[in-house]
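Undergrad: Below is one structure. I have some questions about it.
Read-outs: derived from the displayed coordinates by stated rules, not from any lab. The structure displayed is predicted, hence computed values, not measured ones. As a convention, Cβ positions derive from the backbone with ideal geometry for all residues, glycine included, and neighbour counts pool all protein chains shown.
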Amino acid sequence: MQPILEVSDLHVRYGKVEAVHGINLKVAPGQIVSVIGPNGAGKSTTLNAIMGNLPPIGATQGSIRFLNLELSDVAVESRVVQGMSLVPETRELFATMSVQDNLHLGAYPRKKAGEKHYMDQLETVYELFPRLKERAKQDAGTLSGGERQMLAVGRALMARPSLLMLDEPSLGLAPLIVKEIFHIISRLRITGVATLLIEQNARAALQVSDYGYVLETGNISMEGPATELANDPRVIETYLGFS
Ligand code: ATP
């Protein structure tokens, strides 16, 4: 199947220091793909480079093809319009706005699609996250950690992306909530969206993924179908042993 995202020979540098050294990765339509690896390996850097969201000191080299368009020199706003959406580690919600108003803002890149599209997408998000529907009028700042993560994902989905990128969705959440978040990620398949997931929780990430990459010090050291990676002795020893 033709990939919707194809990253080739991607290098990312911060000033003089190169953090990502020429990696290749692909995501096919509707797939869940995870990138696992230790702290500082370059996972967030990779995601931000794909999104075009690096800090000013960051620079990329290589190719980022998305839906058959070369996007490596295109601004983040255009990537959003083309169908990429990133949920950053920091989640970046508007704390003093209601759940529904946060979702409404998420639909902004699709404002030309009209009210009916907005209502349909809101319905899809509320189906996926009934908890958000119950709390539609509540301020985002008063939500629990898990609910905030649901809202961050829901808001990203409001833009009707073809590719949803999630940066450490389980970070800082209690184990039961982590389980719930990963259950939701696996259910994202029903919306048809492809998901690129960056995680330190390798076990949970591989369980919901079709394919996985291991990123270590800026290089892809291993890749394969998620079930194969999860059974690879090196992955078990380094990333799954104690989790
Ligand atoms: P973590 O899980 O800890 O967030 P990560 O795998 O996402 O780790 P990155 O945050 O992408 O790793 O960091 C990769 C490397 O790039 C690290 O050495 C980090 O110090 C460096 N780095 C990240 N952001 C910047 C920046 N804004 N300026 C300079 N160096 C940076």
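Undergrad: Using only the Cα atoms, work out Rg/Rh for the range 93-160, with Rh taken as the Kirkwood radius, to two decimals.
TA: So for the range 93-160, dividing Rg by the Kirkwood Rh gives 0.94.
Undergrad: Continuing with this model, one more query. Taking 0.36 nm per residue of sequence separation and subtracting the Cα-Cα distance, how much length would be gained by fully extending the chain between ASN219 and ILE57, in nm to one decimal?
TA: Answer, rounded to one decimal: 56.3 nm.
Undergrad: Still on this structure, please answer the following. Note down the net charge around THR195, summing +1 for each Lys or Arg and -1 for each Asp or Glu among other residues with Cβ under 10 Å from its Cβ.
TA: Here the charged neighbours net out to 0.
Undergrad: At 0.36 nm per residue, minus the direct Cα-Cα distance, what do ALA113 and ASP73 gain on full extension? Give it in nm, one decimal, please.
TA: Length gained, ALA113 through ASP73: 11.8 nm.
Undergrad: Next question, about the same structure. With 27 Å as the limit, write out which pairs from LYS16/LYS43; LYS43/LYS179; LYS112/LYS179; LYS43/LYS112; LYS111/LYS133 have Cα-Cα distances beyond it, or answer none.
TA: Among LYS16/LYS43; LYS43/LYS179; LYS112/LYS179; LYS43/LYS112; LYS111/LYS133, the Cα-Cα distance tops 27 Å for LYS112/LYS179; LYS43/LYS112.
Undergrad: A further question on this structure: Under the Karplus relation 6.51 cos²θ - 1.76 cosθ + 1.60, θ = phi - 60°, what is the ordered set of whole-Hz ³J(HN,Hα) values for the range 19-29, x standing for Gly and Pro?
TA: With coefficients 6.51, -1.76 and 1.60, one gets 9, 10, 10, x, 9, 10, 8, 9, 10, 8, x Hz.
Undergrad: Any aspartates and glutamates with Cα under 18 Å of the LYS137 Cα? List them, leaving off those in the same chain fewer than 8 positions away.
TA: Hits, sequence-local ones excluded: ASP101, GLU123, GLU127, GLU147.
Undergrad: Tell me, what is the percent relative contact order of the range 127-243, built from C-alpha pairs under 8 Å that lie six or more residues apart?
TA: Computed over the range 127-243, the figure is 20 percent.
Undergrad: Could you list, bin by bin from short to long, the percent of Cα-Cα pairs of the chain in 10 Å steps?
TA: Once binned at 10 Å, the Cα pair distances of the chain give 8, 33, 37, 20, 3, 0.
Undergrad: Just subtract the alpha-carbon distance of LEU171 and ARG187 from 0.36 nm times their residue separation and send over the number in nm, one decimal.
TA: 3.8 nm
Undergrad: Which value results when the Cα radius of gyration for the range 105-243 is divided by 2.2 N^0.38 Å?
TA: After normalising by residue count via 2.2 N^0.38 Å, the value is 1.16.
Undergrad: If you don't mind, another one. Give me the net charge for the shell around GLY62: Cβ to Cβ below 12 angstrom, other residues only, Lys and Arg +1, Asp and Glu -1.
TA: -3
Undergrad: Given N residues in the range 29-79, what is its alpha carbon radius of gyration divided by 2.2 N^0.38 Å?
TA: That ratio works out to 1.23.
Undergrad: Quick one: Cα centre-to-centre distance for the range 71-94 and the range 1-60, in angstrom?
TA: A separation of 13 Å, based on Cα centres.
Undergrad: So, one more: Find the relative contact order for the chain and round it to a whole percent, using C-alpha pairs within less than 8 Å whose residues are 6+ positions apart.
TA: 27 percent
Undergrad: Here's another thing I want to ask about it. Can you compute the label reach from TYR14? Point 7 Å from Cα along the Cβ direction, backbone N cut-off under 16 Å, restricted to the range 85-127.
TA: 89-90
Undergrad: Which whole-Hz couplings ³J(HN,Hα) result when phi for each residue of the range 58-68 is put into the Karplus expression 6.51 cos²θ - 1.76 cosθ + 1.60, θ = phi - 60°, listed in order with x for Gly and Pro?
TA: x, 9, 10, 9, x, 10, 10, 9, 10, 6, 6
Undergrad: In Å, what is the Rg of the alpha-carbon atoms in the range 11-125, and how long is Dmax?
TA: When restricted to the Cα atoms of the range 11-125, Rg and Dmax are 16.3, 49 Å.
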